[in-house]
1. What does the charge count near A:Y32 come to, summing +1 for each Lys or Arg and -1 for each Asp or Glu among other residues with Cβ under 11 Å from its Cβ?
2. Using a basic spin-label model with each label point 7 Å from the Cα along Cα→Cβ, how many nm lie between B:E168 and A:E168?
3. For the interface of B with A, what's the total buried accessible surface in square angstrom, probe 1.4 angstrom, rounded to the nearest hundred?
4. Place a +1 charge on the Cβ of each Lys and Arg in the protein assembly as shown and a -1 charge on the Cβ of each Asp and Glu, then give the dipole magnitude about the Cα centre in debye, rounded to the nearest 20.
5. Over the residues of the stretch B:2-133, compute the C-alpha Rg and express it relative to 2.2 N^0.38 Å.
6. Dipole size in debye (nearest 20) for chain A around its Cα centre, Lys and Arg Cβ +1, Asp and Glu Cβ -1?
7. Roughly how many Å² is the accessible area per residue of the protein assembly as shown, as a whole number, for a 1.4 Å probe?
8. With each run of n ≥ 4 DSSP H residues scored as -39500 (n - 2.57), what mean residue ellipticity at 222 nm is computed for chain B after dividing by its residue count and rounding to the nearest 500 deg cm²/dmol?
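The values are calculated or read from the model by the stated rules, or taken from the named source; none is laboratory data. All values reported here derive from a predicted model rather than from experimental measurement. So basically every Cβ, Gly included, is an ideal-geometry build from the backbone, and we count neighbours across all protein chains shown. Note: accessible area is taken over every heavy atom of the protein model, side chains too, but ligands, DNA and RNA are not part of it. Shrake-Rupley method; radii C 1.70, N 1.55, O 1.52, S 1.80 Å.
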Number of protein chains: 2
Amino acid sequence: MNTSPILSTIAVLGGTGKEGKGLAFRWAKAGYRIFIGSRNPEKAKATALEILGLLDGKAFIEGTTNIKAAQAAGIVVLTVPYPAHRETLECVREPLQGKLLVDVTVPLVPPKVTRVQMPPSGSAAQEAYAILGKNVQVTSAFQNISFEQLLHAEPVECDVLVTGTSQEARMETLKLVLAAGLTGWDAGPIENSVVVEGLTSVLININRQSGSKNAGIKITGIPKRIANTTVE
Amino acid sequence: MNTSPILSTIAVLGGTGKEGKGLAFRWAKAGYRIFIGSRNPEKAKATALEILGLLDGKAFIEGTTNIKAAQAAGIVVLTVPYPAHRETLECVREPLQGKLLVDVTVPLVPPKVTRVQMPPSGSAAQEAYAILGKNVQVTSAFQNISFEQLLHAEPVECDVLVTGTSQEARMETLKLVLAAGLTGWDAGPIENSVVVEGLTSVLININRQSGSKNAGIKITGIPKRIANTTVE
């Protein structure tokens, strides 16, 4: 874990949803300082207290607005539903300058959530990069996880594919994957996020075929020691 | 295996390349009648003889032109490099009417083969469907396999995601996956092919990180008995 105070603080925007709550729980447990952000700060405070309870009070976790959370942290993780994606990003554009955004958003278009339907930018992560500008590093990750498993500290049988605007940003994100107890892989440039976001629709389709909720993917054929790293 | 004579005959266009050769070997071994197609029929005949040799002469496999192969078979599998994709499809448009095309093509754009770069139609498979018209069913499959492993009858640690223009076409393709000794999953409509084609760039990126050649994916969290099937 990076011990620089600013990098070891994570804001989880939209952190009252199940994705954000599960990730915040894992990172708080790993020793990161967490700010849960929400349009409704009272709800964010309640979520922070709930996670603190799960960790017997042994964590730093606070609930506040999305803007204040983004101001407080060096890494900002976006876990809002897709319809709130653009508005939330525009709202935190200023405090995000010079920082890292980890976009967890999947641009599902109900009712056909088993069909890949990307926005004109090519993917939600590329849309985020277009909104935030070149002074913000953007990665995308964690879209394929069954988030219920995160909160219960179960081993998660799903790898995390990380794409991003720079190798440095992917490396930083791979550290967060490891801190959450997951296996991550450098999946290349941000243009590849379409694969990882779209894979969620494929997994939903496989879940529906099987009556399951836990379809995931594992990378095979590679020594495990290569995971959670990136090299030129 | 389907025992109808027309459905149990497979044409492998561009079948002299390593992808086509590996698949033709597996299907010939499983009892399908195989026509290897190539722009160069002499090369196709040599490949047919090579595969026949690997199977001690116990198979039906012939080499011919792409057009004659497409005329002879009920299922046509396309394994040409992407630059030959459109030309080959236009060449076999007529004999393909009323049949099933299984597109194995990955639209890699050298030198940046680790970056997902799809054609304007959204994916190679959607491009094929646009060229062939609505009387041809199109599926996409087998893009993520290390084809060297197919020829050596090794167990392949990579699942096959099948997308396609109808459930019936995906079901027929899942039978071919099973016949090749592989595990397949119904990955949804043809619009999802961008995920499966693009995953190849992600796997190439992971291979480069690790100095490996065999990165693949496995679907997790689902009972194995659900594989190679599709349900409404």
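1. +4
2. In this crude label model, B:E168 to A:E168 measures out at 5.7 nm.
3. Summing both chains' loss of accessible area gives about 3000 Å².
4. 320
5. Cα Rg divided by the expected 2.2 N^0.38 Å: 1.04.
6. Here the size comes out at about 280 debye.
7. Per residue, the protein assembly as shown has 40 Å² of solvent-accessible surface.
8. Rounded to the nearest 500, the figure is -11000 deg cm²/dmol.
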